[in-house]
Each structure stands twice: as C-alpha cells, then as structure tokens.
Amino acid sequence: MVEIAVMGYGTVGSGVVEVLARHADSIAKRAKEQIGIKYILDLRDFPGSPFEDRFTKSFETILGDPEVRIVVEVMGGLHPAYDYVKKCLENGKSVVTSNKELVAAKGAELLKIAQKNNLNFLFEASVGGGIPIIRPISQCLAANEVVGIAGILNGTTNFILTKMIREKKGFDETLALAQKLGYAERDPSADIKGYDACRKICILASLAYGKHVYPEQVHTEGITNITLRDVEYAAVWGGVVKLIGMVKRTPDKKVQIIVCPMFVSHESQLATVDDVFNGIMVRGDSTGDVVFYGKGAGKLPTASAVVADVIDCVKHFKARKYLYWDDGSPDYVEDYRENEVGMFVCVKAKADTEERVEQLFGKVDYLIRRDAEPGEMAFLVPVMKEKVISEKLARLSETGAEILNTIRIGDL
Ligand code: HSE
C-alpha cells in the first residue's frame, strides 16, 4: 500500500479523491500497488463526507508522516502551495500538482530539488486539464526539435469568443453568461486578461526548450478589447478570433513568446476548437504538426491527469521520471516587438486616411463588413516587424485617424 495526501479539497481535489476511490481496483492493477489516501488537507470541515476521518488542517502532520510518500497539491495559487511543495520535496515526498501558477513561476527550482532528492515532481494537469500534453512533449515527441507550439489554452475565454462568434453577443453579455454557467469565476481577471494562458504557454515553452520562461517575461494581452465588430471582420477575412498562446524558437536559441487574441484562418485546425475546449498544436521538425484536443478544465478531466501522475509516481519510486528544465535568464525571451507579424487594423478614418495608409504600408487589403459605422475602415497590414507597424500606426494617428483596434494575424 502506498499512502498519499491530497492538499486542497476544492473542485480538483474532490475529483482526485473521487477518481481514486471509484477506480481503486483498476488503479491498483496499473500502479501494481494499492493507493491509500491517508490525509486530505483543507481548512474547511466536511461533516458527513465519506472521507471525514482523513481531513486535517495541519500541513505539518502530512510533512512529518514518513508513510506519506506522494503528496498531491491541488490548492492552487502560489502561497502557501510553493512553501508546502518545496518542503515536501525536501523531505523525501514526491509531488503531483495541477497548479499552473506554481509550475510557471517556480518549476525550474522545484524540479531541481526533486532531482537532487531523487523524487518526482509531476504536473500533467497544469496545462490542458485532461489533455495529455506534458508527457507527449517530454517523451513521445522527444526525438523532435520543437519548432513551435501554439494553443488555445484557456477554456473560459474560448467559450466567450465562441458565443460572440456564433450568437453575435457582446463581450460583457457573454462573460456574464459564462459566469452564470460556472465557466468563468466571479473574478474572471486571470482568464480574460490572458494570465492563465500565459502561465500555461510558459510551462510548455520551458518544457519544450529546457529553460524556464517566467510569466512576467511574456507579452500578454487578454480578450477584453475584442468586440463584435472584430469578430465580424475576422469572419469577412475567413476566420475567427481566438486567444492564442504561442512560442517559437529563434535561430540564436532564444524564444519568441506571446499571448494575445489572433485572427485564425478557417483552414487552421485551431479554428474549430470551440466552447470550453482547448487545442494545442505542437510543430515538430520530424512529425510536422501534432494537435492535442479536449477538455482543458473541469473536475474529472483534471483529476484524471492528476491521478495518472500519481500512478506514474508509484511506478517510479526507484527510477525517477526525467522531467527537467534549467533556470531562465532575462535575455532568453526576445522582445515581442521584434516579431514579424501581419496585423488587422480597424480605424475611424478621415477623408485622407486611405491615402495615408498606402503611403505608410503600401498596397493593403481592405475588409468590408455589412454594418460598418460611418467612417469605419479595416485593413490588413502585411507581415513586418511589430515595432515598425506600431511606429507607422502612431504616424497614422497623428493624421487624425483614430485606431479602434489591432489584432495579430496568426500563422497557424
Ligand atoms: N480557468 C481555466 C480555463 C481553468 O478556463 O481554462 C483551467 O486551467
């Protein structure tokens, strides 16, 4: 029997306990050991729960119990999760977590402690919920150089954008619906401002290229500026607006990484990833594009990934799973303004704006939508460095044209 502790009995934690209890026999067969939940750490009381006798409010009890060999951290947030996980790894306990904030901020450090102590630190559930993505990148695609990764990594924003596209509802109305349905939290900032997707692309980038990318190094834009007007222009162009997390390797072994809304062509596999689903495209130099699709959040999908990691830990007490990346550095992430990109631009035009646009950008393609406001003009800037586009748009503003929005065009 292997004893484990589960820290946090929220949505994911209760799912982990449920899956372990429901599939106890088949899990034991796969792990070649019975897995017992000795403790569940939570500050709340759960009277009447079938696991009532396992609850503790004391982390020290778990830390001090040598029988507990694996700790599942599903509390979320950086503190106290970071301190608890670090202490567990320093005290001989392998750790499984779904906590993307923790892995994105402290992954390199925690992996190093795990390696030093010959333990496992596994986090399949931290990206894409129930979708296998950490293991495929670190194992199945290990023979490839990863050329790039692009993904729809946040279910909440994908639900909002899908509703805006399909039902022609505005952002605020759709966010309220997402909150009503339980897809968006009462404070939805981490999702709609792109921070959640940023943490996930940081984890994938760190894993794929072996060096930590910290969230504060990533230019991150959410979807709060996306309007029905933008969604309609994307349709005219031949695609949809999606919140994309993207990373690419540069020839000098740095990374280009960004999180932002993008126009995604209907021809891209990511264009059909709708509702709360996630889709992640990994471009390998040998495999070409490989796409992972499924439920990126939710109690049981996420619990499924956590429990699979627990099984892997049980099977690898002696031989550590190889999962590792080095500390990052300030010069590792290229300034996003150096990226080459095409851009959708929507302006409130003056009489001479078309002429000014062509003086600045040369011949451009215009997009026409049926319900355009008087003076509204939309065009596509051809691929060039972002900083050049910004400079030219600043000059266009000086002529009196008001820039209503800009959205990058994804090459996906
Ligand atoms: N809020 C996240 C999402 C949950 O919407 O995708 C899963 O990380």
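The values are calculated or read from the model by the stated rules, or taken from the named source; none is laboratory data. A quick note: this is a predicted structure, and the numbers were derived from the prediction, not measured. Reconstructed Cβ throughout: ideal geometry from the backbone, glycine too, with neighbour counts over all protein chains shown. Note: accessible area is taken over every heavy atom of the protein model, side chains too, but ligands, DNA and RNA are not part of it. Shrake-Rupley method; radii C 1.70, N 1.55, O 1.52, S 1.80 Å.
The residue that is farthest from ASP274 (Cα to Cα), among those in segment 288-329 that are in contact with a helix residue (DSSP H, G or I) (Cβ under 9 Å, 6 or more places away or on another chain) and part of a strand (DSSP E or B), is ASP326. Would you call GLY151 within 13 Å of the ligand (Cβ to nearest atom) and open to solvent by 10 Å² or more (accessible area, probe 1.4 Å)? Answer is no for this residue.
Every residue, every condition in (1) closer than 16 Å to ASN278 by Cβ; (2) away from the ligand (no atom under 16 Å from the Cβ); (3) modelled with pLDDT of 95 or more, yes or no:
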| site | (1), (2), (3) |
| --- | --- |
| ILE133 | yes, no, yes |
| PHE159 | yes, no, yes |
| LYS193 | no, no, yes |
| CYS198 | yes, no, yes |
| GLY210 | no, yes, yes |
| GLU216 | no, yes, yes |
| HIS219 | no, yes, yes |
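So, ALA143, is that one open to solvent by 30 Å² or more (accessible area, probe 1.4 Å), at pLDDT 95 or above and away from the ligand (no atom under 11 Å from the Cβ) or not? Against the criterion (open to solvent by 30 Å² or more (accessible area, probe 1.4 Å), at pLDDT 95 or above and away from the ligand (no atom under 11 Å from the Cβ)), ALA143 qualifies. Scanning segment 18-45 for residues that are free of Cβ contacts under 8 Å to residues at least 40 places away in the same chain and open to solvent by less than 50 Å² (accessible area, probe 1.4 Å) returns ALA24, SER26, ALA28, GLY36, ILE37, TYR39, ILE40, LEU41, ASP42.
Restricting attention to segment 181-226, the residues that are in contact (Cβ under 8 Å) with a residue 60 or more places away in the chain, part of a helix (DSSP H, G or I), within 10 Å of the chain's Cα centre (by Cα) and within 29 Å of LEU404 (Cα to Cα) add up to 4. Within segment 52-77, being under 17 Å from VAL2 (Cβ atoms) and in a loop (DSSP other than H, G, I, E, B) holds for ASP65, PRO66, GLU67.
Name the residue, out of GLU101, GLU124, GLU90, that is in contact with a Gly (Cβ under 7 Å, 6 or more places away or on another chain) and either closer than 25 Å to GLY328 by Cα or open to solvent by less than 10 Å² (accessible area, probe 1.4 Å) (or both).
Only one candidate passes the filter, namely GLU101.
Of the set (1) touching a residue at least 60 places away in the same chain (Cβ under 8 Å); (2) among the hydrophobic types (A, V, I, L, M, F, W, C); (3) over 18 Å from LYS211 (Cα atoms), all apply to LEU63 but (1).
So that you can scan it fast, the table gives a plain yes or no per residue for (1) closer than 30 Å to VAL74 by Cα; (2) surrounded by fewer than 24 Cβ atoms within 10 Å (Cβ to Cβ); (3) more than 16 Å from the ligand (Cβ to nearest atom):
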| position | (1), (2), (3) |
| --- | --- |
| ALA235 | no, yes, yes |
| ASP252 | no, yes, yes |
| ASN278 | yes, no, no |
| GLY288 | no, yes, yes |
| GLY294 | yes, yes, no |
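Checking every residue in segment 375-383 against the condition of being at pLDDT 95 or above and in contact with an Asp or Glu (Cβ under 6 Å, 6 or more places away or on another chain) gives at least one match. Within segment 161-191, being surrounded by 15 or more Cβ atoms within 10 Å (Cβ to Cβ), charged (D, E, K, R) and modelled with pLDDT under 95 holds for one residue alone: LYS169.
Screening VAL307, VAL282, VAL240, VAL247 for residues that are more than 16 Å from the ligand (Cβ to nearest atom), open to solvent by 10 Å² or more (accessible area, probe 1.4 Å) and modelled with pLDDT of 95 or more leaves exactly one candidate, VAL240. The set of residues in segment 370-412 that are surrounded by fewer than 19 Cβ atoms within 10 Å (Cβ to Cβ) and assigned to a loop (DSSP other than H, G, I, E, B) comprises ARG370, ASP371, ALA372, GLU373, PRO374, GLY375, THR399, GLY400, ASP411.
Consider VAL103 carefully, then state whether it is part of a strand (DSSP E or B) and in contact (Cβ under 8 Å) with a residue 40 or more places away in the chain.
No, not satisfied.
Yes or no: segment 9-19 includes at least one residue that is part of a loop (DSSP other than H, G, I, E, B) and within 13 Å of VAL310 (Cβ to Cβ). Checking segment 9-19: not a single residue is part of a loop (DSSP other than H, G, I, E, B) and within 13 Å of VAL310 (Cβ to Cβ). The set of residues from segment 385-404 being among the hydrophobic types (A, V, I, L, M, F, W, C) and without any contact (Cβ under 8 Å) to a residue 40 or more places away in the chain comprises VAL388, ALA394.
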